[in-house]
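Worksheet: one structure, shown below.
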Amino acid sequence: MHITYDDRSPIVLAGGGGHCHAVIDVLESADIPIAGVVHGPDCALTPVLGYPPLGHDADLPGLRKKFSQALVTVGQIKTPRIRQTIFAKLRQLEFELPVIISPLAHVSRYSTIGEGSVVMHMAIVNAGTFIGNNCIINSKGLIEHDCNIADHCHIAVGAILCGKVTVNEGTFIGAGVVIKQKIHIGKRVIIGCGTTICDDVPDGTIVKGQHYG
């Protein structure tokens with residue numbers, strides 16, 4: 001079950017950096033209209049891949065009067081804080097926060113994905129998996145059966161989560177990471193690119209290197 005985008009209302013994109021570029025490509029591939037881009041408070045109001053700037057974060061209340069749908073399009077590596085803050089603001093303003101799934105991804109109908117999450121090109125989400133709100137499942141990420149991924153997590157490019165892995169809130173799983181089945185990853189963990197995880201990782205841990213556990 002997914003709270004998916006189900007109408008043709010244009011989506012406001014909150015954040016105009018590199019992740020926004022990738023999300024635009026997914027939206028265009030799914031033929032989903034884009035209203036434009038809202039920039040951070042210190043950013044210049046410039047178009048993003050041809051889509052107009054709609055203002056800064058402070059302009060979101062006014063934009064809610066014109067648009068009903070929005071999506072957080074700021075990336076996440078070192079901290080989820082900015083994505084969490086924007087997500088909370090969009091919710092407070094009662095924007096609808098749809099799930100966006102690339103038509104090139106595979107998401108099992110027996111999985112669940114929370115509001116505002118994005119599943120990018122060539123990603124796979126298998127049966128029995130739960131993905132929380134405001135998550136990024138990046139290109140070619142593989143989430144196997146019965147995994148549980150909490151809110152505000154980023155599963156980066158090509159990461160592999162074997163069956164029944166748990167990832168707690170605000171965690172970043174780097175590109176090419178492989179996590180053994182039934183492993184428990186704590187809150188606000190950062191796992192660097194290419195690491196193989198064979199043991200549970202406590203809250204707040206930064207993991208670097210080829211192997212953990």
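Brief remarks follow.
- Count Lys and Arg as plus one, Asp and Glu as minus one, and take only other residues whose Cβ is under 11 Å from that of His154; the net charge is then +2.
- By the Kirkwood approach, averaging reciprocal distances over each pair of separate Cα atoms, the stretch 30-104 gets a hydrodynamic radius of 13.4 Å.
- Using alpha-carbon coordinates, inclination of helix 81-92 to the longest axis of the chain, degrees: 50
- One Cα centroid belongs to the stretch 40-59, the other to the stretch 61-129; the line between them spans 19 Å.
- Computed from Cα atoms, the angle from the helix 18-29 axis to the main principal axis of the chain rounds to 80 degrees.
- Computed lengthening from Ala58 to Asp203, 0.36 nm per intervening residue step minus Cα-Cα distance: 48.9 nm
- Backbone geometry of the stretch 56-72 corresponds, through the Karplus equation with coefficients 6.51, -1.76 and 1.60 at θ = phi - 60°, to 3J(HN,Hα) couplings of 9, 3, 5, 8, 4, x, x, 5, 4, 5, 9, 10, 9, 10, 8, 8, 7 Hz, x marking Gly and Pro.
- Over the residues of the chain, the helix contribution to mean residue ellipticity at 222 nm works out to -4000 deg cm²/dmol, using -39500 (n - 2.57) for each DSSP H run of at least 4.
- Highest average first, the peptides 19-26, 131-138, 200-207 ordered by how many other beta carbon atoms sit within 10 Å of their residues are 131-138, 19-26, 200-207.
Values quoted throughout were computed directly from the atomic coordinates according to the rules given, and no laboratory measurement underlies them. All values reported here derive from a predicted model rather than from experimental measurement. Cβ: placed from backbone, ideal geometry, glycine included. Neighbour counts: every protein chain shown.
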